[in-house]
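Report on the following structure.
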Amino acid sequence: MTLDLLTTHYNYYAVALLLGIGLYTVIESPNLVKKVIGMNVFQTGIFLFFITLAFRNGGNPPVITEGAGPYVSPLPHVLILTAIVVGVSLTAVALALVVRVYSEYGTLDEDTLEQLYHD
Amino acid sequence: MPITLVEAALLTFVLGCALGAALLEDTLAAVMAFAAYSLGVSVLWLVLQAPDVGLTEAAVGAGIMTVLFLLALSNTVSPDADRLFEPIRWRTVALVGGFVLLIGATVPALPAIGDPNSPVVAGEVSQYYLANAYAETEVRNAVTAVLAAYRGFDTLGEGVVVFSAVVVTLSVLRREVVA
């Protein structure tokens with residue numbers, strides 16, 4: 001039963017694991033740059049969920065040509081295209097803030113920053 | 001669809017790279033692991049018949065994103081790593097494990113991968129786009145048709161987000177020069 005689910009729902013379990021890895025990095029990594037990487041891993045996990053939902057057996061990419069069907073669903077692809085671009089914008093802003101924090105405090109270590117903040 | 005060898009290998013590669021990015025102590029090594037991760041994910045999109053997403057992920061995720069990270073690294077100094085991996089904090093692992101189990105518990109409720117009757121694939125909206133996109137927009141690629149025509153306002157919103165990100169990045173990085 002469990003093995004059965006694993007062979008038919010494998011991508012969804014990968015989604016859960018990617019979300020977990022991303023969350024762990026965001027919470028646990030002391031380095032601010034690595035926290036941004038964790039945020040991106042979390043994001044990609046959600047992308048995998050959407051793209052997997054759009055897939056259908058024997059489906060072709062949604063480029064409409066005579067007699068090429070069936071196609072996978074185009075709508076989740078569009079949403080994820082938008083999300084990828086928004087994700088890059090988010091990363092750019094986050095990294096700019098990281099660089100700014102470094103130029104103000106001279107460290108990227110979370111614990112050191114907290115100490116500096118309390119002093 | 002039962003899992004194929006290619007997909008199993010890809011998923012293993014992707015999860016391994018994600019773990020590497022999470023645990024490698026050296027920041028440059030973590031960024032490289034993340035670049036490999038993005039590349040693996042973009043191949044995964046191709047396997048899932050999403051070439052548009054795959055191209056974007058390869059160009060933006062593996063390309064631009066890595067450049068951004070390297071730029072951030074070259075403007076900061078991280079202390080030299082004295083070990084390969086960070087120590088694993090088991091309390092956080094337990095917390096995150098609980099979260100993963102919670103998400104994992106919802107998986108049996110989802111339709112099997114590739115089910116042609118799943119609500120997303122068989123749904124009215126998807127089928128409408130596939131049936132009418134070419135007739136109404138004369139664009140063969142349904143993803144482009146939806147992105148630029150049917151959901152054009154969403155894409156305009158995306159443009160606003162990118163514009164604000166550029167404005168914020170520039171204003172955050174600008175040094176105030178007090179003469």
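List of remarks:
- Gyration tensor verdict on the protein assembly as shown (Cα atoms; rounded if a/c is under 1.5, prolate if a/b is larger than b/c, oblate otherwise): oblate
- Whole-Å distance, taken between Cα centres, linking region B:12-68 and region A:24-85: 12
- Shape of region A:2-118, Cα gyration tensor, a/c cut at 1.5: oblate
- Rounded to the nearest 10 degrees, the inclination of helix B:5-23 to the longest alpha-carbon principal axis of chain B is 30 degrees.
- Shape of region B:84-162 from the C-alpha gyration tensor: oblate (a/c of 1.5 or more and a/b not above b/c, with a ≥ b ≥ c the square roots of its eigenvalues).
- Taking other Cβ atoms within 10 Å as a rough exposure proxy, B:90, B:45 sort from fewest to most as B:90, B:45.
- Given charges at Cβ of Lys, Arg, Asp, Glu: chain B dipole, positive-most of B:56, B:69, B:135: B:69
All of the numbers you see were taken from the coordinates with simple rules; none came from a lab. What you see is a predicted model, and the numbers here were worked out from it, not measured in a lab. For neighbour counting, all protein chains shown are included, and Cβ atoms are generated from backbone atoms with ideal geometry for every residue, glycine included.
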